[in-house]
Amino acid sequence: TATTEIYTLSLHDALPIFCNMSVIRLYPHRLQYLVSKDGYEDSNGDYHEGETNWEGCIECDAVPAGKASEKEFDDGIVRSYSYTVYLRANCRTFMIGDRIKIHLLEGIEREFSVKGFHRYQKQCKLWV
């Protein structure tokens, strides 16, 4: 006779299944960050200008704050922000003042300056 086994999935276990079926996307947006390389002087004394490039294609969820909200960050300074960006826990670390670009749905791009960053156990938050 055949036996039936029943497994109970927690929400955490079930979400990747739904994500793979395109029922829900936890991170529907994409984030890029600006990388600047300093100029330098070569051995002949010629100066070579630095470069700036947008790098990365980090999955994220950018949630508007409605009207600009304020938060006191780890450095003790209160800053206004307009989006909270949720990232996976293993993302790179962002510093206050970093420049980022968020690719929202329908091809909309917005550039921001990082106001705050915090790494939690299961996700990271970025305020811009």
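For residues that are in contact with a Ser or Thr (Cβ under 7 Å, 6 or more places away or on another chain) and modelled with pLDDT under 95, scanning just the stretch 81-105, find the one that is nearest to Val35 (Cα to Cα). My answer is Gly97. Going through (1) surrounded by 12 or more Cβ atoms within 10 Å (Cβ to Cβ); (2) at pLDDT below 90; (3) over 22 Å from Arg119 (Cβ atoms) one by one, Asp42 falls short only on (1). State which residue is surrounded by the fewest Cβ atoms within 10 Å (Cβ to Cβ) when the search covers only the stretch 17-39 and only residues that are among the polar types (S, T, N, Q) and either part of a loop (DSSP other than H, G, I, E, B) or at pLDDT 85 or above (or both). Step by step, filter the stretch 17-39, then rank; the result is Ser22. Can you name the residue in the stretch 110-124 that is surrounded by 16 or more Cβ atoms within 10 Å (Cβ to Cβ) and assigned to a loop (DSSP other than H, G, I, E, B) and, of all such residues, is nearest to the chain's Cα centre (by Cα)? Across the stretch 110-124, the extreme among qualifying residues is Val114. Taking the numbered list (1) touching a residue at least 60 places away in the same chain (Cβ under 8 Å); (2) touching a strand residue (DSSP E or B) at 6+ places or on another chain (Cβ under 6 Å) in turn, Val78 passes all entries but (1). Residues in the stretch 51-85 that are among the small types (Gly, Ala, Ser) and touching a Phe, Trp or Tyr at 6+ places or on another chain (Cβ under 8 Å): Gly56, Ala62, Ala65, Ala68, Ser69, Ser82. Whenever a residue of the stretch 25-53 is over 17 Å from Phe94 (Cα atoms) and among the aromatic types (Phe, Trp, Tyr), its partners that are outside any loop (DSSP other than H, G, I, E, B) and open to solvent by less than 100 Å² (accessible area, probe 1.4 Å), lying with C-beta atoms within less than 7 angstrom and at least six residues away or across chains, give the pairs Tyr27/Glu59; Tyr27/Cys60; Tyr27/Asp61; Tyr40/His48.
Taken together, the residues in the stretch 83-109 that are open to solvent by 40 Å² or more (accessible area, probe 1.4 Å) and touching a residue at least 40 places away in the same chain (Cβ under 8 Å) amount to 7.
The values are calculated or read from the model by the stated rules, or taken from the named source; none is laboratory data. From a predicted model like this one, the values you see are computed outputs, not experimental measurements. All Cβ positions, even for glycine, are placed from backbone atoms using ideal geometry, and neighbour counts span all protein chains on display. The area values use the complete protein model at the heavy-atom level, side chains included, leaving out ligands, DNA and RNA. Shrake-Rupley method; radii C 1.70, N 1.55, O 1.52, S 1.80 Å.
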